[in-house]
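The values are calculated or read from the model by the stated rules, or taken from the named source; none is laboratory data. Everything numeric in this text was worked out from a predicted model, so none of it was measured. In this analysis, Cβ positions are derived from the backbone assuming ideal geometry, glycine residues included, and neighbour counts consider all displayed protein chains. Each accessible area value is taken on the protein alone, full model and side chains, heavy atoms only, with ligands, DNA and RNA left out. Shrake-Rupley method; radii C 1.70, N 1.55, O 1.52, S 1.80 Å.
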Amino acid sequence: MCGIVGYIGKKEAFPILIKGLKLLEYRGYDSAGLALQNGSLVVYRKKGKVAELEEFVLSQKHDGVIGIGHTRWATHGEPSDKNAHPHTSMNGLFTIVHNGIIENYAKLKDDLKEQGYTFKSETDTEVLSNLVEYFYSQDEAINAEMAVQLALSKVVGAYGIAVLCQAEPDKIIVARKGSPLVVGLGNGEYFIASDASPIVEFTNQVVYLNDEDIAVITKDSFTLKNVQNTPVTLKISHLNLEIGELDKGGFDHFMLKEIFEQPKTIEETFRGRLRPDYSEIVLGGLLNVFPKIQNADRIIIIGCGTSWHAALIGEYLLEEYAQIPVEVDYASEFRYRKPVIGKNDVVILISQSGETADTLAALHLAKEKGATVLGICNVVGSTLARETEAGVFTHAGIEIGVASTKAFTAQVTVLTMFALKLARARKTITQEEYSVLVRELAAIPEKGRQILLQSNDKIKAIAEKYKDAINSLYLGRGYLFPVALEGALKLKEISYIHAEGYAAGEMKHGPIALVDDNLPVIVVAPQDDYYEKIVSNIQEVKARKGNVIAIVTEGDKTLKEMVNDFIEIPASHPAVAPLLTVIPLQLLAYHIALMKGCNVDQPRNLAKSVTVE
Ligand code: M6R
């Protein structure tokens, strides 16, 4: 949530900052702002998208080789010019951009009010800027860095901040706790951002700040320490992000590009892991911990949103093939519900971004309890990737659409490889079963291409029919129950149509009451072991005049005659069917949202990575 950028060097800061903010806009997009240092400090803030800020700044003087910027996802105070960042302290000494939540801001604000401070916004960030100014003004010996350290020592909550000080105009101070920050190291210049995408154009050398790190950056120096003032060893990482990954590549939207990329991204997830003769699955990142996993009492898989749906598929795969007990939990529940975790448990955290606050809190809890803690993550260098003991990168490439698509299929691909590898190691499946499954998995990209090629226009026509629905129901069984949940999430998050995902067998216990001739019921119904059961569920919907849109196996005559609309997919093994069946659901949500005039890539109220609770 919220994107931060900063620049200090020899170039004009404005074009670098505004471009960076556009790349980070997926993190929040209700208002934006920036501050430029050029003798005096000028702050520009605007409600709305970064483009509106750009237009506003361009109409004014905007020089400066030092600056910070922010794109906001509102937490404290509605989206407005006055609540947009940066926030300047009462006497104009400090200007701050902030990602995160200062949980004790109300108490700090009251204390500052008693000291005579007044406030112009409703944000927690303005409290922080005044708190820094307060400490700075207490003693002449206190410099800007010390004032920031003192203020942060009083703060409860999460922050990624970039700070400018009017009295020390040649530097930017940055610090993090819970919210990511990366610093790009250039030649006589430094770049600051919430993730590496705004930096990759300028340098591939970066430093990822760790929790409680604080850095003072001038154009010629970068000093890193801990907020408690202890020195920190500088670890320079290399970026291998391609700039080309950051554009729409000829598609109208990032989401559509990312849906169409899936056959390729699944191949990327396979790369170096699925041996060409399918004899072995290599998961190098798990090598050292594999014996522990093999002998674990239990595996607990944790995630949020789409990553939690992938986790559910992982549960089904691991229990069926590796015959190991698995539990799946929402990170936000796990972290607070006092779960019983033993040293012989393996906890797998799944996260596209690797920065989701609840998932990171769950990670810390599992570590504290002594479990083996693994990550399945898309972003190299993310907090999750750095703080887990071992793990597997999904290698889906940067995902910019807020609605997760290719990251989901990459997560499910990793989980499938993991389950099969573990099953083989535990000897719970035979070599023959294993070979069949691996071949089925390897065939997915080609079958995915076929779906994308043959179904897009048909799905568009179906979307036209159902775009005005108010409610919808998504049903599936077995491996396809989590796919139904994922389909419903896609529709609701980008089209704002109420969508419920349900296990088809549960329908008669409540949701069937919703069925009437206005309700589209999307049923994931390929020919698998549950086929007859799901056909009965479809009959139950039809008997109540519901409109059924079914995802069916190519050539399925029975369902084609029974349902209102159908989308055919190639036959596949049930264990890998989620990777195919989800594609039509992603496309359906995309086309409906587009027809309703919704902002597909940046749906209202959402942000790509949820770095606050
Ligand atoms: O980055 P993460 O995978 O941890 O994010 C988890 C959820 O916030 C995310 O999947 C969210 O539900 C997406 N908007 C779904 O499309």
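For (1) more than 12 Å from the ligand (Cβ to nearest atom); (2) free of Cβ contacts under 8 Å to residues at least 40 places away in the same chain; (3) of a type in the set (D, E, K, R), each residue gets a yes or a no:
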site: Leu384; (1), (2), (3): no, yes, no
site: Thr388; (1), (2), (3): yes, yes, no
site: Glu399; (1), (2), (3): no, no, yes
site: Thr430; (1), (2), (3): yes, yes, no
site: Glu440; (1), (2), (3): yes, no, yes
**Q.** Long-range neighbours under 6 Å by Cβ, at least six apart or interchain, first residue at pLDDT below 95 within the stretch 98-125, second open to solvent by 40 Å² or more (accessible area, probe 1.4 Å) and hydroxyl-bearing (Ser, Thr, Tyr)
**A.** Ile101/Thr75; Asp124/Tyr105
Q: Within the stretch 562-613, track down each residue that is within 14 Å of the ligand (Cβ to nearest atom), of a type outside the set (Val, Ile, Thr) and touching a Pro at 6+ places or on another chain (Cβ under 9 Å).
A: Ala593, Ser609
Q: Working carefully through the options Leu318, Leu374, find the one that is buried (at least 20 other Cβ atoms within 10 Å of the Cβ), in contact (Cβ under 8 Å) with a residue 60 or more places away in the chain, farther than 27 Å from Leu239 by Cβ and more than 13 Å from the ligand (Cβ to nearest atom).
A: Leu318
Q) Pick from Ser221, Ser194: which is under 23 Å from Lys10 (Cα atoms) and open to solvent by 10 Å² or more (accessible area, probe 1.4 Å)? A) Ser221
Q: Would you please list the contacts, defined by Cβ atoms under 6 Å and residues six or more apart or on different chains, that run from a residue in the stretch 340-369 that is on the phi > 0 side of the Ramachandran plot and open to solvent by less than 30 Å² (accessible area, probe 1.4 Å) to a residue that is among the charged types (D, E, K, R) and more than 7 Å from the ligand (Cβ to nearest atom)?
A: none
(Q) Just to verify a result, which residue in the stretch 181-195, among those that are in contact with a strand residue (DSSP E or B) (Cβ under 6 Å, 6 or more places away or on another chain) and not in a strand (DSSP E or B), is nearest to Lys22 (Cα to Cα)? (A) Ser194
Q.
Of everything in the stretch 552-574, what is open to solvent by 50 Å² or more (accessible area, probe 1.4 Å) and part of a helix (DSSP H, G or I)? Give them in sequence order.
A. Lys557, Thr558, Lys560, Glu561
(Q) Can you report the number of residues in the stretch 217-254 which are in a helix (DSSP H, G or I) and without any contact (Cβ under 8 Å) to a residue 24 or more places away in the chain? (A) 1
Q | Residue in the stretch 39-76 that is surrounded by the fewest Cβ atoms within 10 Å (Cβ to Cβ), counting only those that are more than 25 Å from Lys171 (Cα to Cα) and among the hydroxyl-bearing types (Ser, Thr, Tyr) | A | Ser59
Q: Report, by residue number, each residue of the stretch 340-371 that is in a strand (DSSP E or B) and near the ligand (Cβ under 9 Å from one of its atoms).
A: Leu349, Ile350, Ser351
**Q.** Filter result (of a type in the set (Lys, Arg) and closer than 21 Å to Ile400 by Cβ) within the stretch 5-57
**A.** Lys19, Lys22, Arg27, Lys49
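Okay, residues lined up against (1) outside any helix (DSSP H, G or I); (2) β-branched (Val, Ile, Thr):
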{"site": "Asp63", "(1), (2)": "yes, no"}
{"site": "Gly67", "(1), (2)": "yes, no"}
{"site": "Ala74", "(1), (2)": "yes, no"}
{"site": "Glu78", "(1), (2)": "yes, no"}
{"site": "Ile96", "(1), (2)": "yes, yes"}
{"site": "Thr125", "(1), (2)": "no, yes"}
